[in-house]
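The values are calculated or read from the model by the stated rules, or taken from the named source; none is laboratory data. Please read all numbers here as calculations on a predicted model, not as lab measurements. Note that we place each Cβ from the backbone using ideal geometry, even for glycine, and neighbour counts take in every protein chain shown.
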Amino acid sequence: MRVVLLGTASADGWPNPWCTCASCEWMRRNDEIRGQTAALVDGVLLIDCGPEAPRAALRQGHSLAGVRHVLFSHAHSDHMAPAALMWRTWTAQTEPIDVAGPPAVIEECRRWVAEDAPIVWHELRAGDAIRLGAYDVRALPAAHGSDGIGPALLYDVTDAAGHRLLWATDTREVPIETHGREYDVVLLEETNGEKYDSDTDHLDLRTWPLAVANMRRHNVITAKTQLLPIHLSDGNPPPPRLRALMAGWGARMPDDGDVIVTGEESIQPSQPAPRRVLVLGGARSGKSRYAESLLLAEPEVTYVATSFPRPDDVEWQHRVEQHRKRRPAHWRTVETLDVAAAMTTAATLVECVTLWLAAVLDDDDVAEKCDRLVTTVATATTPLVLVSNEVGDGVVPVCESGRRFRDELGTLNARLAAACGEVWKVTAGIPVRLT
């Protein structure tokens with residue numbers, strides 16, 4: 001299966017021509033212009049032919065003359081351009097093509113062509129299965145919009161060689177029907193980026209990795225799956241930052257015109273390589289949120305909390321509760337100072353080194369405990385993320401104990417940084433990679 005991404009952006013493209021937000025300005029400055037999401041499979045199957053898709057194919061060097069099947073997911077204008085079907089009738093093309101999609105799409109498309117146009121119409125609803133040439137297509141329910149645009153669908157496509165593709169745009173969740181045999185390619189919408197309160201039927205940078213984690217737990221995304229986000233908008237950070245985040249989740253952020261090929265010769269692992277990551281930052285810098293985001297796509301996570309409840313401290317209890325609310329329901333929480341014992345075969349998040357050191361600083365064997373922690377990190381074979389405060393940027397503490405704590409934590413942070421493959425510092429919610 002050879003999949004050409006004719007476009008990778010949402011309805012308004014990326015950048016939006018009218019927008020002056022930081023994300024759109026970055027795209028313009030760097031001459032990166034993305035068009036509406038669509039795909040051409042093996043030159044014969046066109047998925048979501050919106051108004052920009054035909055011209056995008058030509059600019060990328062692809063003719064649509066060989067297309068014999070068109071799949072539409074729903075009737076929103078960026079996914080369905082009936083005029084393209086009319087243009088085909090103006091040519092010498094007489095071989096019938098299949099046009100398949102939800103009822104609302106078929107009804108609208110019929111209005112643009114004559115009744116005797118060389119088109120075979122296929123109305124699809126969630127749960128339907130159809131054979132289109134060499135492809136077995138299964139329609140899955142999309143959580144998107146009202147019935148008036150579809151009802152919207154996702155598509156599970158299998159070719160004659162048994163290679164399997166998931167086309168999942170637009171939707172705010174991935175249905176349970178995807179669970180079964182593993183996919184070779186997953187194209188999963190990630191529209192909203194950091195617009196977490198947009199109240200639209202799309203995924204964002206919190207719900208997207210959680211959907212991936214769920215599919216990993218059901219073994220439909222495996223180490224051989226090529227995982228790519230599509231339908232991107234200016235809600236996302238600029239591509240360099242988004243690429244780094246996606247890479248940590250085992251995904252590759254594509255460009256318009258990219259070609260994905262299934263088969264052993266093209267395998268690009270979608271399981272994140274084991275990582276040892278130290279995330280530093282000051283108070284309320286956003287370091288904890290960023291550290292949590294690094295593991296959202298993991299199927300299983302152990303959250304090692306190095307602080308304990310303080311019933312007599314209402315403000316502290318509130319802080320703890322806010323952290324608990326952010327954690328995905330499938331994460332396992334362990335409250336302990338024995339980090340090594342808490343680590344399992346699952347990915348591990350340690351929150352945080354600062355509180356851990358504060359708890360053991362006055363122990364007689366504190367040096368030995370620090371050595372053990374560093375050794376545990378250096379020899380970790382599963383994904384590990386540690387959070388710690390950067391306390392060296394502030395004023396010099398007035399008391400001896402404060403200066404000792406600052407010095408010990410600075411030394412420990414440096415040792416942990418040397419043991420980790422990645423070190424990030426978060427300031428004002430913006431993560432910057434140090435190593």
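Taking the numbered list (1) more than 28 Å from ASN236 (Cβ to Cβ); (2) in contact with a strand residue (DSSP E or B) (Cβ under 7 Å, 6 or more places away or on another chain) in turn, GLY43 passes all entries but (2).
Only residues that are in a helix (DSSP H, G or I) and touching a residue at least 24 places away in the same chain (Cβ under 8 Å): list them for the stretch 315-356, please.
Step one: filter the stretch 315-356 for residues in a helix (DSSP H, G or I), giving 315-326, 339-342, 353-356.
Within the stretch 315-356, HIS323, ARG326, VAL339, ALA340, ALA342, VAL353, THR354, LEU355, TRP356 qualify.
Taking the stretch 349-383 only, how many residues are out of contact with any Pro (no Cβ under 7 Å at 6 or more places or on another chain) and either among the polar types (S, T, N, Q) or surrounded by fewer than 13 Cβ atoms within 10 Å (Cβ to Cβ) (or both)? Talk me through it step by step, then tell me what you get.
Looking only at the stretch 349-383, we keep the residues that are out of contact with any Pro (no Cβ under 7 Å at 6 or more places or on another chain), and these are 349-380.
From what's left, either among the polar types (S, T, N, Q) or surrounded by fewer than 13 Cβ atoms within 10 Å (Cβ to Cβ) (or both): 354, 362-365, 367-368, 371, 375-376, 379.
Final tally of qualifying residues: 11.
Within the stretch 7-43, the set of residues being hydrophobic (A, V, I, L, M, F, W, C) and in a helix (DSSP H, G or I) comprises ALA22, CYS24, TRP26, MET27.
GLU177 meets each of the listed conditions (1) within 30 Å of PRO96 (Cβ to Cβ); (2) modelled with pLDDT of 95 or more apart from (2).
Just one of the numbered conditions (1) within 23 Å of PRO17 (Cα to Cα); (2) in contact (Cβ under 8 Å) with a residue 40 or more places away in the chain is not true of LYS224: (1).
Going through (1) in a helix (DSSP H, G or I); (2) in contact with a helix residue (DSSP H, G or I) (Cβ under 6 Å, 6 or more places away or on another chain) one by one, ILE221 falls short only on (1).
Scanning the stretch 357-379 for residues that are assigned to a helix (DSSP H, G or I) and hydroxyl-bearing (Ser, Thr, Tyr) returns THR375, THR376. The residues of the stretch 282-341 that are buried (at least 16 other Cβ atoms within 10 Å of the Cβ), farther than 17 Å from TRP356 by Cβ and small (Gly, Ala, Ser), listed by number, are GLY282, SER285, GLY286, SER293, ALA297.
If you go through the stretch 281-334 and keep only what is in contact with a Ser or Thr (Cβ under 8 Å, 6 or more places away or on another chain), over 15 Å from LEU349 (Cα atoms) and basic (Lys, Arg), you end up with nothing.
Hey, can you tell me all the residues within the stretch 171-186 that are within 15 Å of THR37 (Cβ to Cβ) and out of contact with any Ser or Thr (no Cβ under 7 Å at 6 or more places or on another chain)? Walk me through how you get there before you give the answer.
Residues of the stretch 171-186 within 15 Å of THR37 (Cβ to Cβ): 171, 185-186.
Across the stretch 171-186, the qualifying residue is only THR171.
Checked against the criteria, GLU265 does not count as part of a helix (DSSP H, G or I), at pLDDT 90 or above and more than 26 Å from ALA142 (Cβ to Cβ).
Applying the criterion of being β-branched (Val, Ile, Thr) and outside any loop (DSSP other than H, G, I, E, B) to the residues of the stretch 198-218, the residue that is farthest from LEU188 (Cα to Cα) is THR207. One residue stands out in the stretch 143-191 among those that are of a type in the set (S, T, N, Q) and assigned to a loop (DSSP other than H, G, I, E, B): the one that is surrounded by the most Cβ atoms within 10 Å (Cβ to Cβ), namely THR169. Take the stretch 21-43 and flag every residue that is touching a Gly at 6+ places or on another chain (Cβ under 6 Å) and surrounded by fewer than 17 Cβ atoms within 10 Å (Cβ to Cβ). The one that is touching a Gly at 6+ places or on another chain (Cβ under 6 Å) and surrounded by fewer than 17 Cβ atoms within 10 Å (Cβ to Cβ): GLY43. If the condition is being over 26 Å from TYR135 (Cα atoms) and surrounded by fewer than 16 Cβ atoms within 10 Å (Cβ to Cβ), then the stretch 1-20 contributes ASP12, PRO17, TRP18, THR20. Restricting attention to the stretch 79-103, the residues being out of contact with any His (no Cβ under 7 Å at 6 or more places or on another chain) and touching a residue at least 40 places away in the same chain (Cβ under 8 Å) number 3. Being touching a residue at least 60 places away in the same chain (Cβ under 8 Å), assigned to a strand (DSSP E or B) and in contact with a strand residue (DSSP E or B) (Cβ under 7 Å, 6 or more places away or on another chain) is the filter; apply it to the stretch 411-435 and report the residue that is surrounded by the fewest Cβ atoms within 10 Å (Cβ to Cβ). Result: ARG433. VAL391 falls short on exactly one of the conditions (1) closer than 22 Å to SER285 by Cβ; (2) surrounded by 12 or more Cβ atoms within 10 Å (Cβ to Cβ); (3) out of contact with any Leu (no Cβ under 6 Å at 6 or more places or on another chain); (4) modelled with pLDDT under 90, and that condition is (3).
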